[in-house]
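One structure below.
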Amino acid sequence: MTTHVHDREAARAEIPAQAKRRFLIRLSAVLIGGMFLDGYILGIIGPVSATMTEDLGLSSLQEGLAVAAALLGILIGSPLGGHLADRYGRKPLFMADMAIFVIGSALQFVVDSPTQLVAVRLLMGIAIGAEYSVGWPLMSEFSPARLRGRMLGLTLIAWYVGFMVAFLVGHLLIEYTDLDWRTVLGTSTLIAVILLISRIGLPESPRWLWNAGRREEARHIAHDYLESEADMADVEHEDARPGTFGMLFSAQYWRATVFVSLFWFCAVAPYFAIATFADSVLKSYGLGGGLAGGVALSVVAVAGVVITVLLIDKVGRRPLTVPPQWLCAAILAIIGLWAGAPSMVVLALFLAFSFVNAMYNTLTGVYPGEVFPTEIRGIGTGFAAAVSRVGAGLGTFLLPWSMTHLGTGPTMLIAAGVALAGAALSQALAPETKGKSLSEAAAGYGH
């Protein structure tokens with residue numbers, strides 16, 4: 001009889017842990033889905049760009065603007081979304097930005113002018129920016145410290161997979177069906193609708209609630225959803241104070257702001273430029289390009305992220321941030337300087353670039369959620385995302401011009417210079433946050 005009582009008590013004790021694991025899986029799934037959608041939306045424009053340009057009669061300048069519009073939208077949406085997430089909570093913005101995804105995706109079916117195309121892609125970029133500035137903070141605030149790097153890194157896998165799937169889907173639909181380019185762009189609508197429905201009923205972040213002075217509600221949600229007693233206790237170490245934009249440049253946090261923003265800028269600028277125009281870049285080196293080349297770049301990028309995710313909570317952040325950037329700068333410099341390299345050597349170098357760049361790009365989804373405190377975690381992530389998308393937008397916008405007017409070699413050397421700047425910055429400023437609570441990671445950076 002006593003044994004049965006103990007068994008029942010043990011079963012009751014296990015239920016909360018099982019429920020917490022189920023919640024963490026659900027939260028991870030919807031956040032991963034959001035990042036998949038982000039990558040898909042940014043990747044789908046590349047395969048349809050030629051058809052779209054011909055149909056709408058776009059100039060090279062208009063083509064670059066149409067491709068870069070979503071990236072420029074992120075410049076608006078990420079700091080705005082971060083500010084709203086810090087002020088009004090993670091949960092409301094988490095729903096609102098996906099609703100904007102649905103609207104923007106659906107509008108792509110009916111665009112019929114360059115102006116409309118740019119406006120719709122800009123709107124979707126705003127939603128992507130908001131997703132960055134609420135998704136990563138929310139994931140970091142619910143993740144156990146021992147798994148936080150891995151869970152944040154998983155969202156980057158989803159982003160690269162989304163980009164790769166979009167490249168593949170776009171090429172196949174344009175090549176083998178009679179579907180209009182508008183329909184190909186609009187394929188993101190179904191994903192957005194599914195994700196909007198799946199987000200209904202998710203809880204607010206306990207850290208945000210504590211910071212907002214809603215302490216009992218914070219304790220209740222922390223008890224119901226956080227994995228360990230240490231994670232629950234760390235919520236109560238939060239400073240209950242309103243966050244401001246100026247705090248990003250305060251004595252305590254300016255180093256975090258400078259590092260995360262410029263590291264992210266230097267990581268994504270070469271990737272977006274080369275990956276978006278993989279077709280033309282590879283062809284300029286005498287390679288076939290097309291579907292095989294573009295997908296190959298994405299596949300090795302996904303492999304780079306997967307390896308980083310597997311290692312990040314074991315070896316730490318800095319070893320996966322600093323050395324790969326120096327290596328990436330060297331690879332791009334070799335491509336730029338070795339003008340007569342055999343085409344297969346060039347392809348191997350581009351694949352190596354894609355792999356190594358993806359490794360440290362994974363950290364762009366990890367550091368923002370760790371080095372900023374709760375009161376400015378949203379706006380800090382949003383500001384850094386905005387700075388990074390200046391780089392991504394410039395790279396995407398200027399690469400076609402640079403390839404035409406400067407040539408492939410100088411263009412790759414410029415990309416190498418950007419990677420080199422990121423490596424030097426990270427060597428000086430990249431922190432190690434492995435295994436630290438969020439309070440420890442944020443509090444210790446500025447000292």
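Would you confirm whether or not the stretch 199-210 contains a residue that is at pLDDT 90 or above, farther than 17 Å from ASP86 by Cα, in a helix (DSSP H, G or I) and not hydroxyl-bearing (Ser, Thr, Tyr)? Looking through the stretch 199-210, none of the residues is at pLDDT 90 or above, farther than 17 Å from ASP86 by Cα, in a helix (DSSP H, G or I) and not hydroxyl-bearing (Ser, Thr, Tyr).
For the stretch 350-370, filtered to residues that are modelled with pLDDT of 90 or more and among the aliphatic types (A, V, I, L, M), the residue that is farthest from CYS328 (Cα to Cα) is VAL366.
Here's the yes/no breakdown for (1) more than 17 Å from the chain's Cα centre (by Cα); (2) under 20 Å from PRO47 (Cα atoms); (3) not charged (D, E, K, R):
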position	(1), (2), (3)
ASP112	yes, yes, no
ARG121	yes, yes, no
ILE126	no, no, yes
ALA130	no, no, yes
SER133	no, no, yes
LEU138	no, no, yes
ARG146	yes, no, no
LEU156	no, no, yes
VAL161	no, yes, yes
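Of the residues making up the stretch 369-382, none is free of Cβ contacts under 8 Å to residues at least 24 places away in the same chain, among the hydroxyl-bearing types (Ser, Thr, Tyr) and either over 14 Å from PHE259 (Cβ atoms) or not in a helix (DSSP H, G or I) (or both). Screening LEU61 against (1) closer than 16 Å to TRP401 by Cα; (2) out of contact with any Phe, Trp or Tyr (no Cβ under 9 Å at 6 or more places or on another chain) leaves a single unmet condition, (2).
Screening MET98 against (1) modelled with pLDDT under 90; (2) closer than 17 Å to ILE32 by Cβ leaves a single unmet condition, (1). Looking at the stretch 224-246, can you tell me whether even one residue there is closer than 23 Å to HIS83 by Cα, of a type in the set (A, V, I, L, M, F, W, C) and in contact (Cβ under 8 Å) with a residue 60 or more places away in the chain? Within the stretch 224-246, one or more residues are closer than 23 Å to HIS83 by Cα, of a type in the set (A, V, I, L, M, F, W, C) and in contact (Cβ under 8 Å) with a residue 60 or more places away in the chain.
May I ask you to verify whether PRO319 is over 16 Å from VAL300 (Cβ atoms) and free of Cβ contacts under 8 Å to residues at least 60 places away in the same chain? Talk me through it step by step, then tell me what you get.
Details: over 16 Å from VAL300 (Cβ atoms): yes; free of Cβ contacts under 8 Å to residues at least 60 places away in the same chain: yes.
Answer is yes for this residue.
Here's the yes/no breakdown for (1) within 19 Å of PHE372 (Cα to Cα); (2) among the hydrophobic types (A, V, I, L, M, F, W, C); (3) at pLDDT below 85; (4) within 27 Å of the chain's Cα centre (by Cα):
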site	(1), (2), (3), (4)
GLU217	no, no, no, no
SER228	no, no, yes, no
VAL235	yes, yes, yes, yes
TYR253	yes, no, no, yes
VAL258	yes, yes, no, yes
CYS266	no, yes, no, yes
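Among the conditions (1) modelled with pLDDT of 85 or more; (2) in contact with a Leu (Cβ under 7 Å, 6 or more places away or on another chain); (3) surrounded by fewer than 20 Cβ atoms within 10 Å (Cβ to Cβ), LYS314 misses just one, which is (2). If the condition is being buried (at least 18 other Cβ atoms within 10 Å of the Cβ) and of a type in the set (A, V, I, L, M), then the stretch 197-221 contributes LEU202, LEU209, ALA212, ALA218, ILE221.
Restricting the first member to the stretch 393-419 and to residues that are closer than 17 Å to PHE265 by Cα and touching a residue at least 24 places away in the same chain (Cβ under 8 Å), and the second to residues that are of a type in the set (Phe, Trp, Tyr) and in a helix (DSSP H, G or I), the beta-carbon pairs closer than 7 Å and six or more apart or on different chains are GLY395/PHE272; THR396/PHE272.
Against the test of being surrounded by fewer than 24 Cβ atoms within 10 Å (Cβ to Cβ) and in contact (Cβ under 8 Å) with a residue 24 or more places away in the chain, the options GLY46, GLY81 yield a single qualifying residue, GLY46.
Looking at the stretch 321-344, is at least one residue within 17 Å of LEU75 (Cα to Cα) and of a type in the set (S, T, N, Q)?
Residues of the stretch 321-344 that are within 17 Å of LEU75 (Cα to Cα), as a first pass: none.
No, the conditions are met nowhere in the stretch 321-344.
Picking from residues in the stretch 348-363 that are surrounded by fewer than 22 Cβ atoms within 10 Å (Cβ to Cβ) and touching a helix residue (DSSP H, G or I) at 6+ places or on another chain (Cβ under 7 Å), the one that is nearest to SER298 (Cα to Cα) is LEU351. Considered as a group, the residues in the stretch 28-73 that are farther than 30 Å from LYS91 by Cα, of a type in the set (A, V, I, L, M, F, W, C) and part of a helix (DSSP H, G or I) include one that is modelled with the lowest pLDDT, and that residue is VAL67. Taken together, ALA296, ALA303, ALA330, ALA348 contain a single residue that is aliphatic (A, V, I, L, M), part of a helix (DSSP H, G or I) and closer than 29 Å to VAL258 by Cβ, which is ALA330. HIS405 fulfils the conditions (1) more than 29 Å from GLN62 (Cβ to Cβ); (2) surrounded by fewer than 21 Cβ atoms within 10 Å (Cβ to Cβ) except for a single criterion, (1). Across the stretch 188-207, the number of residues qualifying as touching a residue at least 24 places away in the same chain (Cβ under 8 Å) and over 30 Å from ILE376 (Cβ atoms) comes to 5.
The values are calculated or read from the model by the stated rules, or taken from the named source; none is laboratory data. Fair warning: this is a prediction, and the values are worked out from it, not measured in the lab. Cβ: placed from backbone, ideal geometry, glycine included. Neighbour counts: every protein chain shown.
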